[in-house]
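In what follows, a single structure is set out as structure tokens and then discussed.
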Amino acid sequence: MSVRLDLKHLSSFVGKNEYTAIAPQIRQAHEALHSGNCVGNDFIGWVNLPTDYDKEEFSRIKAAAEKIKSDTDVFIVIGIGGSYLGSRAAIEFLNSQNYNSLKKNTPDIYFTGNSISSTALSEILQLCEGRDVSINMISKSGTTTEPAIAFRVLRKLLEEKYGKVEARKRIYCTTDKARGTLKQLATKEGYETFVIPDDVGGRYSVLTAVGLLPIAVSGADIDALMSGAAKAQKELNNSDLDSNACYQYVAARNLLYRKGKDIEVLVSYEPCYTMMCEWWKQLFGESEGKDNKGLFPASVVFSTDLHSMGQYIQDGRRSLFETVVLFDKAKTDLFIETDPENVDGLNFLQGKSMAYINEKAFEGTVLAHADGGVPSVVLHAPDFSEETLGYLIYFFEKACAISGSLLGVNPFNQPGVESYKKNMFALLGKPGYESEKGALEARLKN
Ligand code: PA5
């Protein structure tokens, strides 16, 4: 079930000696992480999370998911960044981008509070009309503006629809154990709450209640998800570069970065992986991009984007490398049938499966991109099961933490995110930001 890494499409870009040279730095980063002596060590609760989690809460999550499945048509997940990307990615990976339109006996699931678009939030309100609704408000800090606005609107909707007492049974809050506005509000109103552990940051939190409740509501097996992550926790807990696929990935991307390949494009050949790419972009972008350093994470889905971004990747600025995630087994396969008229000229494909054609698309592309100066790291995963997903989540979380350490940044904080908030609050006239307001408005006028 483990994932495998294939570095052969890097061989003309990175030499064996370079892996040998970087191995001691990776060993050092591994030891610092596992001994708890790394930078940002108050946020490394995710390292042992797949085996060391609150089992009582885990049962409560399953019970809440069962209740939601039984009394809810529309389940609304409110959260931004690490408070929604992981669960949305998991639901689409395990089901489809079209999860809500599929025939199913689980609720539709919509995500909101991840923008300040009134149009997007109004749409969600419309989708709730005439249907039974439950909501999961997710915010570790409990003070993030985007989800807080959506929660205010949706709480009101639920209270008007069901009355305060019934609404209370349909509102679930996932937040900090003790501190924060959301925790206070949930306690006051009597909402069921789930905890985001203090030592797990937002983008590393998909295997906490943040991800687990929405994922369980979609009907997925969260025991299997955790067991896949636990397998990764065990298999990737050694500092030997020759046997640890996660650390080989870390080495390859860091060596490429040093050679000026500072844009990493995550590539998938499956549309259901699109949101996993978004989750991965947040994980790496927010963890590594600081102190004027870091690889820029981008993503594409092929062959779709070969018809949009393919030209740039083949032929544009040579600052890219690709990390391709492939799956050994398609979820569902289709075969090309013969057509006696063959007007479309496709009979040369008769009897071939689409999975096979997709594989040839990958092979043709990886060679073309290598010829164009774009190296590829290839990650093979077995299937689209919960176990594989859990494994992949842990694989990337660990790769991200070790990569940040190699770059010399703290991979667990996000100080840069505060800058826009400070300006926005000042411009909106939030108490406490009065002194900045005038200067910012003057800058906007000039
Ligand atoms: O990774 C992070 O910490 C962030 O992306 C947060 O998840 C995001 O800003 C949302 O924060 P909160 O859960 O406190 O509302």
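Please treat every number below as a calculation from the coordinates, not as lab data. Worth saying up front: this structure is predicted, and the values here are computed from it rather than measured. So basically every Cβ, Gly included, is an ideal-geometry build from the backbone, and we count neighbours across all protein chains shown.
Can you figure out the FRET efficiency of Asp371 with Ser308, using R₀ = 25 Å and their beta-carbon distance, to the nearest 0.05? Computed FRET efficiency for Asp371 and Ser308 comes out at 0.75. For the stretch 316-446, the fraction of C-alpha pairs farther apart than 21 angstrom is 70 percent.
The modelled label-to-label distance between Gln184 and Asn48, using points 7 Å beyond Cα along the C-beta direction, is 3.3 nm. Sequence-ordered 3J(HN,Hα) estimates for the stretch 74-90 from the Karplus curve with 6.51, -1.76 and 1.60 and θ = phi - 60° stand at 10, 10, 9, 9, 9, x, 9, x, x, 8, 8, 4, x, 5, 5, 4, 5 Hz, glycine and proline given as x. Judged by the gyration tensor of its Cα atoms, with axes a ≥ b ≥ c, the stretch 343-403 is oblate; a/c meets the 1.5 cut and b/c is at least as large as a/b.
Here's how it looks for Phe296: its modeled amide H is under 5 Å from those of Ile263, Glu264, which are all 5 or more places away or on a different chain. For the stretch 162-309, the relative contact order works out to 15 percent when only alpha carbon pairs closer than 8 Å and six or more residues apart are counted. Calculated over the stretch 39-147, the projected area of the Cα convex hull averaged across directions stands at 8.7 nm².
Computed from the Cβ-Cβ distance with R0 of 41 Å, the FRET efficiency linking Glu363 to Asn292 stands at 0.60. How would the stretch 147-253 be classified by its alpha-carbon gyration tensor: rounded, prolate or oblate, with rounded meaning a/c under 1.5 and the a/b versus b/c comparison settling the rest? Prolate is the answer for the stretch 147-253, as a/c is 1.5 or above and a/b outweighs b/c.
By the equivalent-ellipsoid construction on the alpha carbon gyration tensor, the stretch 100-153 comes out with semi-axes of 22, 13, 10 Å, ordered largest to smallest. State whether the stretch 234-282 is rounded, prolate or oblate according to the following rule on the C-alpha gyration tensor (a ≥ b ≥ c being the square roots of its eigenvalues): a/c under 1.5 gives rounded; otherwise a/b larger than b/c gives prolate, and the remaining case gives oblate. Since a/c reaches 1.5 but b/c is at least a/b, the shape of the stretch 234-282 is classed as oblate. Among His34, His369, His9, the order by Cβ neighbours within 10 angstrom, fewest to most, reads His34, His9, His369.
The value given for the chain is a Kirkwood hydrodynamic radius of 23.5 Å, derived from the mean inverse Cα-Cα separation. Under the criterion of Cα pairs below 8 Å and six or more residues apart, the relative contact order for the chain equals 23 percent. 3J(HN,Hα) along the stretch 114-127, derived from phi through the Karplus expression 6.51 cos²θ - 1.76 cosθ + 1.60 where θ = phi - 60°, amounts to 10, 7, 10, 7, 5, 5, 5, 5, 4, 4, 4, 4, 5, 5 Hz, with x in place of Gly and Pro. Computed over the stretch 83-235, the alpha-carbon pair-distance distribution with 5 angstrom bins reads 2, 9, 17, 21, 22, 16, 9, 3, 1, 0, 0, each value a whole percent.
More than 18 Å apart: what percent of Cα pairs in the stretch 192-291 qualify? The answer is 65 percent, as a whole percent.
With θ taken as phi - 60° and the Karplus curve 6.51 cos²θ - 1.76 cosθ + 1.60 applied, the whole-hertz 3J(HN,Hα) list for the stretch 5-21 is 10, 10, 9, 5, 7, 9, 4, 8, 10, 10, x, 4, 4, 6, 5, 4, 5 Hz, x standing for glycine and proline. Think of it as helices only: each DSSP H run of n ≥ 4 in the chain is worth -39500 (n - 2.57), and spread over all residues that comes to -15500 deg cm²/dmol at 222 nm. Just want the ordering: Leu212, Leu266, from fewest to most Cβ atoms lying within 10 Å of their own Cβ. The fewest-first ordering by Cβ neighbours comes to Leu266, Leu212.
Once the Cβ-Cβ distance of His380 and Ala21 is raised to the sixth power relative to R0 = 25 Å, the FRET efficiency obtained is 0.45. Taking amide hydrogens as placed 1.01 Å from N in the peptide plane, the amide H of Phe327 sits under 5 Å from those of Ala381, each at least 5 positions away in sequence or on another chain. Each of Cys277, Cys173 has some number of other Cβ atoms within 10 Å of its Cβ, and from fewest to most they run Cys277, Cys173. Simple spin-label estimate for Leu427 and Asp6 gives 4.8 nm between the two label positions (7 Å along the Cα-to-Cβ direction from each Cα).
Note: relative contact order over the stretch 275-353, using C-alpha pairs below 8 Å and six or more positions apart, is 17 percent.
Cross-link partners for Lys352 among the lysines, with Cα-Cα distance under 26 Å and sequence neighbours closer than 8 places in the same chain left out: Lys329, Lys331, Lys360. Taking a point 7 Å from the Cα of Arg318 along the Cα-to-Cβ direction, the residues of the stretch 1-39 with backbone N closer than 17 Å to it are 10-15.
With N as its number of residues, the stretch 259-376 has a Cα radius of gyration that, divided by 2.2 N^0.38 Å, comes to 1.26. Once the chain from Lys161 to Ala120 is taken as fully extended at 0.36 nm per residue, the excess over their C-alpha distance is 12.7 nm.
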